[in-house]
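A quick write-up on the structure given underneath.
The values are calculated or read from the model by the stated rules, or taken from the named source; none is laboratory data. Small disclaimer: the values here were computed from a predicted structure and weren't measured. Because the Cβ atoms are built from the backbone with ideal geometry, glycine has one as well, and the counts that use them run over all protein chains shown. Ligands, DNA and RNA are stripped out before the accessible areas are found, and what is left, the full protein with its side chains, is counted by its heavy atoms. Shrake-Rupley method; radii C 1.70, N 1.55, O 1.52, S 1.80 Å.
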Amino acid sequence: QVQLVESGGGLVQAGGSLRLSCAASGRTFSDIYMLGWFRQAPGKEREFVAAVNWSGVYQGDSVKGRFTASRDNAKNTVYLQMNSLKADDTAIYYCAARLGFSTLYYNAGAYEYWGQGTRVTVSS
């Protein structure tokens, strides 16, 4: 019952910044317990990037100190602020949502709903 639409991807130079957005519809945004960001680069497996729930915010090891997820209930939107971008950040970025409580924010299998993805390309 939740639809997620990512936007904000594009081409950016290494060292630059980009902010991705994920708009949710179908349910009250406050009913979503956790929202996650995952990415998949060509030839690589899906990787946890960041997540936000009602307890805190989290980042994968490869993006700690550079990426931050945030949640804005008033706008029904979750963001991924990406700073100090590197060429190996190039990937398709997906947002995901889970309604019920879970501690497995890093596990893609814990999420019930997924967006279509938005492409991020970082030039070196």
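Every residue, every condition in (1) closer than 17 Å to residue 118 by Cα; (2) of a type in the set (Gly, Ala, Ser); (3) without any contact (Cβ under 8 Å) to a residue 24 or more places away in the chain, yes or no:
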position: 4; (1), (2), (3): yes, no, no
position: 11; (1), (2), (3): yes, no, no
position: 25; (1), (2), (3): no, yes, no
position: 40; (1), (2), (3): yes, no, no
position: 54; (1), (2), (3): no, no, yes
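Restricted to strands (runs of 3 or more DSSP E) entirely inside the range 1-79, those with at least 1 residues that are at negative phi, of a type in the set (Asp, Glu) and modelled with pLDDT under 95 are 67-72.
Is it the case that residue 106 is outside any strand (DSSP E or B) and in contact with a strand residue (DSSP E or B) (Cβ under 6 Å, 6 or more places away or on another chain)? When the stated conditions are applied, residue 106 passes them. When residue 97 is tested against the conditions (1) open to solvent by less than 10 Å² (accessible area, probe 1.4 Å); (2) more than 15 Å from residue 4 (Cα to Cα), the lone failure is (2).
Among the residues making up the range 67-93, those that are open to solvent by 30 Å² or more (accessible area, probe 1.4 Å), over 11 Å from the mean Cα position of the chain (by Cα) and under 16 Å from residue 13 (Cα atoms) are 83, 84, 86, 87, 88, 90.
Report every pair of residues separated by at least 6 positions or lying on different chains whose Cβ atoms are under 9 Å apart, first residue within the range 62-91 and more than 20 Å from residue 123 (Cα to Cα), second of a type in the set (Lys, Arg). Listed by first residue and then by second, the contacts come to 77/71; 78/71; 79/19; 79/71. Only residues that are crowded, with 16+ Cβ neighbours inside 10 Å, within 13 Å of residue 80 (Cα to Cα) and small (Gly, Ala, Ser): list them for the range 11-66, please. Answer for the range 11-66, where residues must be crowded, with 16+ Cβ neighbours inside 10 Å, within 13 Å of residue 80 (Cα to Cα) and small (Gly, Ala, Ser): 21, 23, 36, 50, 51, 60.
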